[in-house]
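Below is one structure, written out as C-alpha cells; the observations come after it.
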Amino acid sequence: MIRNYFKIVIRNILRQKVFTFLNISGLAIGIAIASLIMLYVKFEWEYDKSYPNTDSIYRVIQRVPGKPFMGTEYFAVTQEPLGRTLKSEFPEIVNYATIGTWKNAAINNSKNMSFEENVLYATAPNFLQMFSIELMQGNTNTALSQLNTVILSENIAKKLFGSENPIGKTITVIETETWTVTGIYKSLPANSQFATYGLITSFETYASGLKNREQALSWKNNSWYNYVKVINGTNPEFINARMPNIVNKYLSDANADIKARELYLQPLKDIRLYNNAYFGMGENGDLKTMLILIAIAIVMLSIASINYMNLSTARASLRAREVGVRKVIGANKIQLIAQFMGDSVFLSITAGIFAIILDLFLLPSFNQLIGINFSSAALLQPSFLIGISVITLLIGLLSGAYPAFILSSFQPVKVIMGDNAKGKHAYLRYILVVTQFAASIALIACTFIILSQLNYIKNRDMGYNRENIVVVPLNNNVIIQLGPMKQDLSQNPSISDVTACSQTPINIVSATYVNIPGEAGETKVLSYSIDSDFNFLQTFNIPLVEGRNFSKNITTDSTNAVLINQSLANSLGLKNAINSTISINNNKYNIIGLIKDINIHSLHQKIEPLFVRLNKPYLQYLCVKTKSGNLPATIDFIKSVWDRYSGQKPFKYTFLDSDFNSLYKREERVAQIVSYSSALAIIIACLGLLGLVSFIVEQKRKEIGIRKVLGASVSDVVGTLSKQFLQWVLYANIIAIPVAYYLMASWLQDFAFRINISWWVFILSGGMALLIALITVSSQTIKAAFANPVKSIRYE
Amino acid sequence: MLRTNNLVKIYRTEEVETTALDNVSIEINEGEFVSIMGPSGCGKSTLMNILGMLDNPSGGEYHFLGKEVSKFNERQRAQIRKENIGFVFQSFNLIDELTIYENVELPLLYLKVSPSERKRKVQTVLEIMEIMHRRNHFPQQLSGGQQQRVAVARALVANPKLILADEPTGNLDSSHGDEVMKMLTFLNEGGTTVIMVTHSPTYAEYGNRVIHLFDGKVVTENFQESFRV
C-alpha cells in the first residue's frame, strides 16, 4: 500500500513539475534561512555554558549609583583584593579567580618572529580549576607556580611554534620579558568569553612588572575581573544581600570620593547576552539582534509553510476525484489521512534536504553577516540535522493535516458525481495569503525605516569634521618628537592641519570628575575628557563659541588651561564660563574657551559634558587633515615622515570616517539582515501567489472561455482575474502598517537622535508589494486571457 | 440478496425540498441482472448510491444480505461495500496517476490481500477483460471502451457478490457499449448479481428485469425472462 502511495506522489510530482518546484523551493528557502538562524541562536545560547561548573560561577560587578558612564551605572571591573576577600568572608564561596587582560600584546617566538596576541593574567591554579581548563601537557597545579611562566592554547602553540614541542621554550613579551612555556591547554570553544585569549600567565608574573604595584593592587584600583564559584545550589541573592557589609568594611575608606557603591554577583551564563556592565572582557552578545533574527526565522518559516499549505491544498483539491474513487473502492478515512500526510511529509523532507544544500552555499555570506565563523561541519552535526528534521516533519504534518482532513471527509457520492468540492474552504487560503503578504510588507517597511535611520546617523552633522582625516596610532618614540614631526608634515601642501589627541572625537570613553573649587563634593560632574595637542579644534573644525583656543605663545596653556563645552558649563551652572576656574582631579584649571556641543558618542547617546586640555603624555593618535585630492600620495608622504621619527615601528593608519561608521556595525548588521529577509520573504510569498494564481486560472479556464465568447476583451479578463488578488495585497497592507510602525518605533527608542517615521514609507512598501504581486499575477492571467476560448470550452 | 422497504430520500436546500425517492420498495435476488430505467432526474442515481451504500436514505429500510444497513455509519458501510460490491461508473473514474494494473489492484490493497494472490487475481481479470497487453499503460492512453473495461475489471477483481453499474455505456460509442454489455452478461452468467442504470432500452434488455422509475417512484417492473429465450 505504501508503495502505491509513493508511486502516486512521484507521478504527481512529475506531472506537475512547476507546481512542485514552487512548492518545494519556497519551503526549502524558508527552512534554509531558519536553520542558519537556529545555528546562530544555538551558538549564542550556549555561550559560556561549556564549563562543567557554569551554573555555580559568577562574575562580581559593581554599580556606582547616580554616576552613569557610557550610559550605564554598572561596571565589570572591580578591585584586586575583592576575590580572595569574598572567599574568606562568605562560606558559600569555594573558589575565586582574579583576572587581568592585555589585548594585542607584542609576542616574539624563539625564532624572533612577531605576533600580536591577547594575554590573560589569572590567579592560577584557581582559574584553571574553576573553568576546568584541561592541560594537554603540563600540570594544572604547578604549571604557573613560577614567575615568568606561561601556558598556551593548542592553537596558539601551533601558531607560535609550528610542529615543535613548545614546552620549555621561551617567548619574549614586548621585547622586555622572557616567559617559559610550561603547559598547553585545549583551545576553548569559540563561544566562551576566554576564547580570544591564547596565552595564560600567572597574576604574579604580571604584578611583578607593575611600576605602581601597591596602588594597582589596592582597593582603590578598579581594573580587574573577579570570578567566584559558589557551592552548588547557592542562591546568589543571599550573597548579594550581604555585599553592603563588604563595601562598608573595605571599599568606603579607600574610595572617599564615591561613597555609594554596590557589589553584585552576575551569573557567568548571563554575561554574554544580558550584560549591562561596561568594561567587560569579551564582546557583548547582541540580544536584540538575536531576538530580531528569531522573529525573522519564525516569519520566514510561517510564510514558507503557508505557501506550502496553500499550494498543497490547491493541488489536493485536484485529487478530490481520486479520493472519491478510493473511498468507493474501500479506503477508510484513516488510510486517506495517512496517504495525504505521507505525501506532504515526503515533499517537506525533500525540501529539508534542499535546505541543507542551500545552507552550504549560504554559509559564507551568513558568517559575514553575523560576524561568527561557522564551518560547514556545523551544518552536519547531529543536533543541527535533528533540528532540521523536526522542523521539516512538523511542517509536513501541519501542512498535510489540512488537506488530509478536508479531503478525507469528502462525500464520495458528490465527488464522483462531479459535484466537486473545489473552491470551498477557499477563505482560509485567502486569509493565509493575506498573512503572508502582511509579513512581507511589514519587513519591507522595516527595511526602509532602518535604512533611513542609518542614513540619518551617518549624515547627521555631529558638530565636527570627520572627512579626509587620517588617524595614526602613536608610540613613545614619536610622542617625544611630536613637534618636529608635525613641522615636517605641515610642509606638504596637501596637509592642512595636524594634531594629536588621546582619543578622536567619534567615541570618547575616558571621563573624570569636575567641580568648581570650594563647593561641596556633591556638585561634582562626570565629564568626558580629551587630552590633546595644539590645533585640535582646527583639525576637527570644532567651533569656538566664546573665548580663545590654546596658544603656543602662552606658556600656562600647557599646564592649566582648559576648553569646555556648553553642556559642561551648564552642568556646572557656570553663566560666565570664560576665565572661571574649575577643578579636575584636585588640579585647578582656567577656562579659556567655550566650545560648541558636539556629539562625542554614537547617536544612541545624548550630548554629554566634555573638556579638552593640553596633556602630552596621554596622546595616542596623530590626526592629519588632508585636502581632498591625491590621497595615496599624501599617505605615502605621511609614512615617509613617520619612518623618520618612529624608530622602525610599523606605520598603521585608519580613516576617521570609517572609524565612525564602525560605531554602527550592529545597526548595519540588523539593516542587512532585515533587508535580505524582506527580499526573500517577498520572493517566497510570490512563489506561493504564482502557484495559487496558476491553479485558480486553471480552474477558471472554462469561465474565461465563456466570458470571451460572450464578448469580453483580454483586458476585461485580466482585470476580473487580477482584481481579487490585488485586493488581498491591499488588505495585507492594513495589517502590516500598524505592526511595522510599532516594531520600528520601539527599535528607534534606542537612539537619542532619530528620524520620524513618515507615511511615505508605508505607501512605498505597500506599493512595491502591490507591484510585485501584480507582475506575478498578470504573468498567469494574461496567458489565460489570450488562450483560444474554443479549446477551453471543449475542454470540459 | 437485497430488499428495500419504503425507501425515501429527500434533498433539502434553503428554499426547496426535493423528494428524490418516494417510498421505493424493491427486492433483488442473487444472480439477477436488473436494469433500472427512467428519465433524467427520476432518482436512478440516488437509488444506485443508496443500494451501493455510498449514501444513506432519509427514511425506510434497506436490507443487504440480511442486515438492515440504512442506519450504518460510514465505517460500517465501507466495510460491507469493499467486501461485497463492485462499482462501474459512466465516467470510468480511474485514477490517472496509476497504471491499468495498479488501478485494478487497488481494491485488493484495501482488502489486504497478499501480494502473490493479488498478482494472480489481477492477471486473471485483466485476461478476462482482454486488457492484459495494456497493463502498464496509464488510463489517458486508452480509448473510452478500454477504460471502461478496466473499470469493469476493477469492479470485478475482488470477486464481489453485486456489481452496480451506473450508465456504464453512457460515454461509449455503440461498438464499445456492446462490448461492455457482453462483459456484464458474462459476469452475470458466472453468478454475480448485476444492477445497471441505463437510458438505452436496447441495453436494458440485457437484464432479466427492468425497473422503471418516474419522479422517485417505481412505476413498473417488467420480467423479461420470456423475451430472452
Item to complete: Scan around A:Ile595 for amide H atoms under 5 Å from its own, H built in the peptide plane at 1.01 Å from N, and keep only partners 5 or more places away or cross-chain.
Response: A:Val545, A:Ile564, A:Asn565, A:Gln566
Practice prompt. Starting from the eigenvalues of the Cα gyration tensor, five times each then square-rooted, give me the equivalent ellipsoid semi-axes of the range A:54-274, largest first, whole Å.
Written response: 32, 19, 15
Fill in: Per residue, in Å², the accessible surface of the protein assembly as shown once ligands and nucleic acids are set aside, probe 1.4 Å
44 Å²
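Grab the other residues whose beta carbon is less than 13 angstrom from that of B:Glu68, score K and R as +1, D and E as -1, and report the net.
Details: positive: B:Arg3, B:Lys67, B:Lys71, B:Arg77; negative: B:Glu61.
Combined, the nearby Lys, Arg, Asp and Glu give +3.
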Discussion item. I'd like the distance between the alpha-carbon centres of the range B:191-222 and the range A:593-638, rounded to an integer number of Å.
Written reply: 104 Å
Worksheet item: So what's the projected area for the range A:476-648, the Cα convex hull averaged over all directions, in nm²?
Response: 11.0 nm²
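How much length, in nm to one decimal, is gained on full extension between A:Leu360 and A:Ile578, taken as 0.36 nm per residue of separation minus their Cα-Cα distance?
72.1 nm
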Discussion item. A 19 angstrom limit on the alpha carbon distance is what I want to check against. Which of A:Lys458/A:Lys665; A:Lys700/A:Lys723; A:Lys42/A:Lys229; A:Lys103/A:Lys606; A:Lys87/A:Lys186; A:Lys486/A:Lys552 exceed it?
Written reply: A:Lys42/A:Lys229; A:Lys103/A:Lys606; A:Lys87/A:Lys186
Worksheet entry | Cα centroid separation - the range A:1-60 against the range A:282-342, whole Å | 13 Å
Worksheet item: Once Rh is set to the Kirkwood radius over Cα pairs, what Stokes-Einstein translational diffusion coefficient, in µm²/s, holds for the range B:22-153 at a temperature of 20 °C and a viscosity of 1.002 mPa s?
Response: 128 µm²/s
Discussion item. For the range A:490-517 and the range A:688-714, what is the centre-to-centre distance using only Cα atoms, to the nearest Å?
Written reply: 71 Å
Discussion item. Modelling each spin label as a point 7 Å along the Cα-to-Cβ direction, I'd like the A:Ile782/A:Gln699 distance in nm, to one decimal.
Written reply: 2.5 nm
Fill in: Calculated from backbone phi, Karplus (6.51, -1.76, 1.60) coupling profile of the range A:435-451 in Hz, x at Gly/Pro
4, 4, 5, 4, 4, 5, 5, 4, 5, 4, 4, 4, 4, 4, 5, 5, 5
Fill in: Nearest 10 degrees, 0 to 90: helix A:17-45 Cα axis against chain A principal axis
30 degrees
Worksheet item: Taking K and R as +1 and D and E as -1, what net charge do the other residues with C-beta under 11 Å from the C-beta of A:Asp750 add up to?
Response: +2
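What total accessible surface area, summed over both chains, is buried at the interface between chains A and B, computed with a 1.4 Å probe and given in Å² to the nearest 100? Intermediate values should be presented prior to the final figure.
Numbers: alone 36710 and 11290 Å², together 45610 Å².
Separately minus together, A and B give about 2400 Å² buried.
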Practice prompt. Please average, across the residues of B:70-81, the number of beta carbons from any other chain that are within 10 Å of each residue's own beta carbon, and give a whole number.
Written response: 2
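Could you work out the local net charge near A:Tyr206, counting Lys and Arg as +1, Asp and Glu as -1, over the other residues with Cβ closer than 13 Å to its Cβ?
Neighbour charge sum, excluding A:Tyr206 itself: -1.
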Practice prompt. Give me the percent of the accessible area of the protein assembly as shown that comes from carbon and sulfur atoms, probe 1.4 Å, all protein chains in place.
Written response: 55 percent
Discussion item. Highest mean first, how do A:722-735, A:70-83, A:688-701 rank when packing is the count of other Cβ atoms within 10 Å averaged over residues?
Written reply: A:688-701, A:70-83, A:722-735
Worksheet, complete the sentence: Residue-ordered couplings for the range A:618-629, obtained by feeding phi - 60° into the Karplus form 6.51 cos²θ - 1.76 cosθ + 1.60 and rounding to whole Hz (Gly and Pro as x), are 9, 5, 10, 10, 9, 10, 10, 8, 10, 7, 4, x
Discussion item. Averaged over its residues, how many other protein chain Cβ atoms are within 10 Å of peptide B:102-112's Cβ atoms?
Written reply: 4
Worksheet item: In sequence order, what are the phi-derived ³J(HN,Hα) couplings for the range A:701-710 according to the Karplus relation 6.51 cos²θ - 1.76 cosθ + 1.60 with θ = phi - 60°, rounded to whole Hz, with x for glycine and proline?
Response: 3, 5, 4, 4, x, 5, 4, 5, 4, 7
Discussion item. Between A:Leu451 and A:Tyr742, what is 0.36 nm times their sequence separation minus the Cα-Cα distance? Round to one decimal in nm.
Written reply: 103.1 nm
Worksheet, complete the sentence: Expressed in square angstrom to the nearest 10, the accessible area of A:Cys446 with a 1.4 Å probe stands at 10 Å²
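Run through the DSSP bridge list for the protein assembly as shown and note the antiparallel percent, rounded to the nearest 5. Each step should come with its number before you reach the end.
Values: 88 of 125 bridges.
Roughly 70 percent of the DSSP beta bridges within the protein assembly as shown come out antiparallel.
Convex hull over the Cα atoms of the range A:35-163, averaged projected area in nm²?
Details: hull surface 49.1 nm².
Convex hull of Cα atoms, orientation-averaged projection: 12.3 nm².
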Worksheet item: Can you list the residues, at least 5 places off or on another chain, whose amide H is less than 5 Å from the amide H of A:Gln266, using H built in the peptide plane?
Response: A:Arg59, A:Val60, A:Ile61
Worksheet entry | Principal-axis tilt of helix A:665-699 within chain A, Cα atoms, nearest 10 degrees | 0 degrees
Practice prompt. Could you pull out every one of the lysines with an alpha carbon less than 17 Å from that of B:Lys112, ignoring same-chain neighbours closer than 8 positions?
Written response: A:Lys327, A:Lys333, B:Lys82, B:Lys121
Response to the item:
Of B:142-153, A:477-488, ordering from highest average Cβ density within 10 Å down gives B:142-153, A:477-488
Worksheet entry | Cα long-axis angle, helix A:236-246 against chain A (0 to 90 degrees, to the nearest 10) | 20 degrees
Fill in: Other protein chain Cβ atoms within 10 Å, averaged over every residue that makes up B:51-60
2
Practice prompt. Could you rank A:Asp716, A:Asp48 by how accessible they are, 1.4 Å probe, largest area first?
Written response: A:Asp716, A:Asp48
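Taking all pairs of different Cα atoms in the range A:268-311, averaging 1/r and flipping that mean, what Kirkwood radius in angstroms comes out? Walk me through the numbers before you get to the answer.
Numbers: mean 1/r = 0.0790 Å⁻¹.
It is 12.7 Å.
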Response to the item:
Semi-axes a, b, c in Å (a largest) for chain A, each sqrt of 5 times a Cα gyration tensor eigenvalue, come to 63, 35, 25
Practice prompt. Quick one: which residues, 5 or more positions from A:Met136 or on another chain, have an amide H under 5 Å from its amide H? H modelled 1.01 Å from N in the peptide plane, none for Pro or chain starts.
Written response: A:Ile184, A:Tyr185, A:Lys186
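The values are calculated or read from the model by the stated rules, or taken from the named source; none is laboratory data. Not measured: the values here are computed from a predicted model. In this analysis, Cβ positions are derived from the backbone assuming ideal geometry, glycine residues included, and neighbour counts consider all displayed protein chains. Quick note on the areas: whole protein, heavy atoms, side chains included, nothing else; ligands and nucleic acids left out. Shrake-Rupley method; radii C 1.70, N 1.55, O 1.52, S 1.80 Å.
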